[in-house]
Structure formats: C-alpha cells, structure tokens
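Just so you know, all these numbers are worked out from the coordinates, no wet-lab data involved. Worth saying up front: this structure is predicted, and the values here are computed from it rather than measured. Here Cβ is always computed from backbone atoms with ideal geometry, including for glycine, and neighbour counts include all displayed protein chains.
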Amino acid sequence: MADLRQKRVVLGITGGIAAYKAAELVRLLVMDGVDVQIVMTQAACGFITPATLQALSGKPVFTDMWDARVPDNMAHIELSRGSDLIAVAPATADFLAKLANGLADDLLSTLCIARECPLLVAPAMNRQMWDNKATQRNVAQLERDGVVILGPASGDQACGETGLGRMLEAQQIYDEINSHFAPKLLAGRHVLITAGPTFEPIDTVRGITNRSSGKMGYALARAALDAGAKVTLVSGPTSLDAPAAARVERVESASDMFDVVKKHAKAADIFIGVAAVADYRVEKTSTHKIKKTDKNMTLKLVPNPDILAYVAGLPRPPFCVGFAAESRQLHENADAKRRRKKVPLMVANLAQDAIGADDNEVTLLDDNGIHKLARAPKTVVARQLVAYIAKLFQGRKKKKA
Ligand code: C5P
C-alpha cells in the first residue's frame, strides 16, 4: 500500500449500473486521505445522484462543461491540471469508444484529453458489449495509448446473464490505484512467497493442519506487486482471494509446497517463507477412510523438508526472508532460527498474536540487529516489510558488486 494522503484523484463516473460501486470506492479513497474530485456524465446521474457522491467525497460534484463555479469556465483544464491520477469507474462501452477516438463532447471526456496524469479505466458492461469487436478494438487502442484497463471481471451481470464485463469490486479498484502510487522499489525483481498453512493428509478425508489464515503472505504478495515485482505466490489452503497480478500455485501438503518452490527458487531474486509449514507429516496415509474402533490409535509422524533452509542453502540462493511464530522468548528463538537456517532476515511475531488476526506486531532480526515495527494492519506491516527487504536486497547487491 502506498501513502495516499495529499494525492489528488479525479474519479469519473459514467452511466452504467456499476455506478453504485463508485460510492464505496470514494469512501475507501477518502478514508485514506485522498482528495477525490468527482466528475459525472449526465447518464451517470441517472444511476446515482451527485448528492450521494458529494456527501461521500466532501466536495461539490462536477457534471457540466459550463460550470459557473469555475471562474474562467475551463473546468476541463482546472480539474485535470492539479490531478495525480484520473480513474473512470465505471467506464461504459460508449465512454471507451469516445476515449479511443479522442472525442471530447462533455466534461469528463474533455478533461481526459486535457490530462497530463495517468488514466485508469474500469470497464463495466454486458458480456456481448464487451466481446463486441468494436469494444475490443477500442480497448486495444487505449492500451496502446497508455491507458490502464482495470478488469473487467467475470460473473453475474445486472442483465441476468453471466460472463466477462462486470466492473471490478471497489476494493480491487482501490488496490490498483494504491498500487499505482507505491514506490517501485522492486521493479523487475521476481519475488517468491509461500503463504498459509499446509494440510498433511491422514486418510482420504482427514488431515493435520494449523490456524494460519494466509493473510500476512497474501498482504506481502500485494505489497511486492505494488513495489513493481513479479510475484509467485505458493499458497496452502486458504479462503483468500489472491491479487490478480500474482502467479498463484495452490498446494496442500508441505511436500507439494516444497516441489513447487524448488521449481521457482532458482529464478527468484527474493524468497519470503511466510507459510506455516507443518513440521511433520503422517508417514503412511491411508487410501481409504480409516474406520473407527474402540482401541487407541497411534499415528507415526515423520519430519517434513525445511523449505526455507533448502532455498537458503542453494549454491546461489535468492535473498531469503523467514517468519518465526513463537509463543515465548521471541527474539532468542527467532534469532536461533535465523542462524540455523542461514537466512539474512527473520521476521518474528508472537504466534498467539499473529495467527489468523488482521493486525500484526513484528520484530525484524538481521545482521544489523533488532528492529521493531509498531502494531498495524497486516497490509501496512507488509508495505513496511517490503521497503525494508528492498533496502537489504540493494545493500547485498552492492556488497557483491
Ligand atoms: O516452523 P519454523 O518456526 O521453523 O518456521 C520458520 C520459517 O521457516 C518460516 O519462514 C517457515 O515458512 C519456514 N519453514 C519452511 N519449511 C518448514 C518449516 C518452516 O520453509 N518445513
């Protein structure tokens, strides 16, 4: 996540049913301290009222070229001049066509042409309109012109059909805007991340797992993408949505995770092992559901491979970061792990605090000593961590050179 305070964003809303999602997007941006200026087309006003958006953005909404509030009557120049970004959500097929052809017959299309800042558009339309050759041609032209196209998503549509054309959710558009502003500290780097728990099968229906939610690993994937990295996320079973731009490999057991990590590790610049990998697996899994008896049962467990130690031990290892969840003697235990697994950076947190929670309080242990980060949402901790990792990674490169 970037620091969005003081950023000036023009949010354009065009006439589609997804306009209702723009209200939530405004709320998310305003909560982050963004100065949001809403510009609506006439058609948009048929779907959501300017009054709603004025209340949410805390500023008058512009709908007209000839707005008497702008002293020189040049709203299109005034509004685009001071902006850091223009986002249009929803962007109808008609609006995309106008943009692709440089038409400027209302305030929003005119200020898009008069802009000096980046333009992001989130298309929203019926699936046939999206598939239409003209729309596809327009989208391709806009991409060539440097416009960033967000989505669309696939799913239920207001017309009752199902398919590609739904606007992304407000949170996803917010994430993309955020990503746009984040410093590109890891541009061109490949970051490999393990996340979530592993599931070690006992038989066809049962298994051993842990309470890891995957939130920290997924937040790091998002933060690394925002920092310009290419991200491969190897995830154990979780209910989370992965960032669309990450390459996601879903696995169940530690052995599966190990195989997938081995495949990607050599090409990675940075490896972050966030997964709560089960230390043991059942030696012999049953291919049938084990029947209940009234006798005691013993499961023989054998150790799993240590994925982090393996990657850190490669002849030319990526820069490795481990996570240590401890229930006591946090720093001593985490530092012992750091030395044993030979990783330059270990992130320590209290297991009872971190697992499954939305917030986290972490301590970083590396050759420079111990560095504590304040308790914060995992998304914020992830951003700080990525900045710290990028700094150590750069330092390591300099030392090698
Ligand atoms: O479980 P442990 O406390 O040793 O985990 C510390 C770090 O090692 C974490 O980053 C975890 O992802 C990694 N790990 C691993 N493979 C294991 C056990 C742990 O990669 N089998």
Among DSSP beta bridges lying fully in the chain, give the percent that are antiparallel, nearest 5.
-> 30
Can you list the HN-Hα couplings for the stretch 113-124, worked out from phi with the Karplus curve (6.51, -1.76, 1.60; θ = phi - 60°), rounded to whole Hz and with x for Gly and Pro?
-> 6, 8, 7, 10, 9, x, 10, 10, 10, 10, x, 8
Considering the dipole of the chain built from charges on the beta carbon (Lys and Arg +1, Asp and Glu -1) around the Cα centre, which of T194, L164, T285 is farthest to its positive end?
-> T285
Derived scalar couplings ³J(HN,Hα) [the stretch 150-164; Karplus, 6.51 cos²θ - 1.76 cosθ + 1.60; whole Hz; x for Gly, Pro] = 9, x, x, 9, 9, x, 5, 10, 4, 6, x, 8, 10, x, 7
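Would you please name the chymotrypsin sites (Phe, Trp or Tyr not before Pro) within the stretch 44-88 that are DSSP coil residues with at most 15 other C-beta atoms within 10 Å of their C-beta? Can you show the working numbers first?
Working: sites: F47, F62, W66; in loops: F47, W66.
Answer by residue number: W66.
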Answer with one residue from I173, S239, P344: the one whose Cα lies farthest towards the positive end of the charge dipole of the chain, charges on Cβ with Lys, Arg +1 and Asp, Glu -1.
-> P344
Per principal axis, descending, Cα span of the stretch 138-294 in whole Å | 69, 45, 23
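Hey, fewest Cβ within 10 Å first, where do V251, V191 land in order? Please report the intermediate quantities before stating the final value.
Values: V251 21, V191 29.
Lowest count first: V251, V191.
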Percent of all alpha-carbon pairs of the stretch 190-400 at distances over 32 Å, whole number, is 16
Might you report the magnitude of the Cβ-based charge dipole of the stretch 289-401 about its Cα centre, with Lys and Arg at +1 and Asp and Glu at -1, to the nearest 20 debye?
-> 620
Mind listing the phi-derived Karplus ³J(HN,Hα) values for the stretch 239-250, rounded to whole Hz, using 6.51, -1.76 and 1.60 with θ = phi - 60°, and x for any glycine or proline?
-> 9, 8, 8, 7, x, 4, 7, 7, 7, 10, 10, 8
Take the Cα pairs of the chain, get the Kirkwood Rh, then feed it into Stokes-Einstein at 37 °C and 0.692 mPa s and tell me D in µm²/s.
-> 139
Site E116, offset 7 angstrom along Cα→Cβ, radius 15 Å on amide nitrogen, limited to the stretch 1-42, gives 8
Subtracting the Cα-Cα distance of R375 and S255 from 0.36 nm times their residue separation yields 39.9 nm
What FRET efficiency would be calculated for the residue pair I149, D358, taking the C-beta separation as r and a Förster radius of 22 Å, to the nearest 0.05?
-> 0.10
Run the dipole for the stretch 72-219 about the Cα centre, Lys and Arg Cβ at +1, Asp and Glu Cβ at -1, nothing else charged, and hand back the magnitude in debye, nearest 20.
-> 480
Which of V321, V121 has the fewest Cβ neighbours within 10 Å, and the rest in rising order | V121, V321
L168 long-range amide H proximity, modeled H, under 5 Å | A153
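If you put +1 on each Lys and Arg Cβ and -1 on each Asp and Glu Cβ, how big is the dipole of the chain around its Cα centre, in Debye rounded to 20?
On the way: 52 positive and 43 negative charges, 417 e Å.
Its charge dipole is roughly 2000 debye.
Largest first and in whole Å, what are the equivalent-ellipsoid semi-axes of the stretch 305-381 based on the Cα gyration tensor, each being the root of 5 times an eigenvalue?
Semi-axes (√(5λ), whole Å): 22, 13, 12.
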Sequence-distant residues sharing a close amide H with C159 (under 5 Å, placed H) = none
First measure r as the distance between the Cβ atoms of K295 and R137, then evaluate 1/(1 + (r/R0)^6) with R0 = 45 Å and state the FRET efficiency to the nearest 0.05.
-> 0.05
Would you list, by chain and number, the lysines whose Cα falls below 30 Å from the Cα of K266, excluding same-chain residues fewer than 8 positions away?
-> K184, K215, K230, K337, K341, K342, K378, K391, K397, K398, K399, K400
Semi-axes of the equivalent ellipsoid for the stretch 8-181, Cα gyration tensor, largest first, Å = 23, 18, 15
The chain - mean residue ellipticity at 222 nm from DSSP helices (-39,500 (n - 2.57) per run, n ≥ 4, rounded to 500) = -10500 deg cm²/dmol
For each of R281, R5, count neighbouring Cβ atoms within 10 Å of the residue's Cβ, then give the residues from fewest to most.
-> R5, R281
Considering the dipole of the stretch 190-400 built from charges on the beta carbon (Lys and Arg +1, Asp and Glu -1) around the Cα centre, which of A390, T209, G313 is farthest to its positive end?
-> G313
Nearest-0.05 FRET efficiency for R340 and M74, computed from C-beta distance (R0 60 Å) = 0.35
